[in-house]
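So the structure is just underneath, and the comments pick up after that.
Any read-out appearing in this document is the output of simple, stated calculations on the displayed coordinates, not a laboratory observation. Predicted model, so just to flag it, every value in this text is computed and none were measured. Because the Cβ atoms are built from the backbone with ideal geometry, glycine has one as well, and the counts that use them run over all protein chains shown.
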Amino acid sequence: VKIQGQNKEMLAAACQMFLGKTEAEIAHIALETLEGHQRAIMAHMTVEEIYKDRQKFSEQVFKVASSDLVNMGISVVSYTLKDIHDDQDYLHSLGKARTAQVQKDARIGEAEAKRDAGIREAKAKQEKVSAQYLSEIEMAKAQRDYELKKAAYDIEVNTRRAQADLAYQLQVAKTKQQIEEQRVQVQVVERAQQVAVQEQEIARREKELEARVRKPAEAERYKLERLAEAE
């Protein structure tokens, strides 16, 4: 413990409480206060509780004593329970029992640790096998999906190739048909031209025949007809 000089209110309380007292007297008062609170806490806990949980006991004494001593201007820096003993050696026996219990708990803990380790190892192996199995399943699914997609792609490619071939064949046939139609049209035009030429030739020959044969014959016949009429 110490007197808190930085806090004016606590310093004033300390001056009022310990004015005229020596340092030893102040320490004695603080110690009696701590011991009083310690006895009060001990009255509410069993020996086993204090022995087994010294930290809890120290914290309760520190908490209660601090709130009381602060009114005297004294702050509790720390409180630690160093040792617990009795004249009947009860705590020593309790310690032995505690040690035996600790050893028993250690053995149980070791057995449980080995059991848990075995369980974890078995679980890890099972998870590894499961993961491998799932991985194989996923690989099989991926392979199946790849083959299905490849088959669909091949079908699509073959279909488009067949369509392209058919379209090409149709275009070739259409082109041949157009060429044939154009050839026929050319033949028709050529035939018409030949007919026209033949007709022109016939007309020319008829005119030539008329000029050379028919007109002289008609003139001769006309002449004869005149002579006959004259007789």
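Normalised by 2.2 N^0.38 Å, where N is the number of residues, the C-alpha radius of gyration of the range 2-84 stands at 1.20.
Taken along the Cα-to-beta-carbon direction at a fixed 7 Å, the label points for GLU206 and GLU156 span 7.4 nm.
Return the FRET efficiency for the residue pair VAL197, ALA228: r is the Cβ-Cβ distance, R0 is 41 Å, and the value is rounded to the nearest 0.05. With R0 = 41 Å, the Cβ-Cβ based efficiency is 0.40. Site pair GLU147 and VAL189 shows an inter-label distance of 6.4 nm when each label is modelled 7 Å from Cα along Cα→Cβ. Distance from the C-alpha centroid of the range 194-210 to that of the range 38-76: 151 Å, rounded to the whole angstrom. Using only the C-alpha atoms, the convex hull of the chain corresponds to 410 Å³ per residue. Helix 90-209 versus the longest principal axis of the chain: what angle, 0 to 90°, nearest 10, using Cα atoms? Between the helix axis and the principal axis of the chain, the angle is about 10 degrees.
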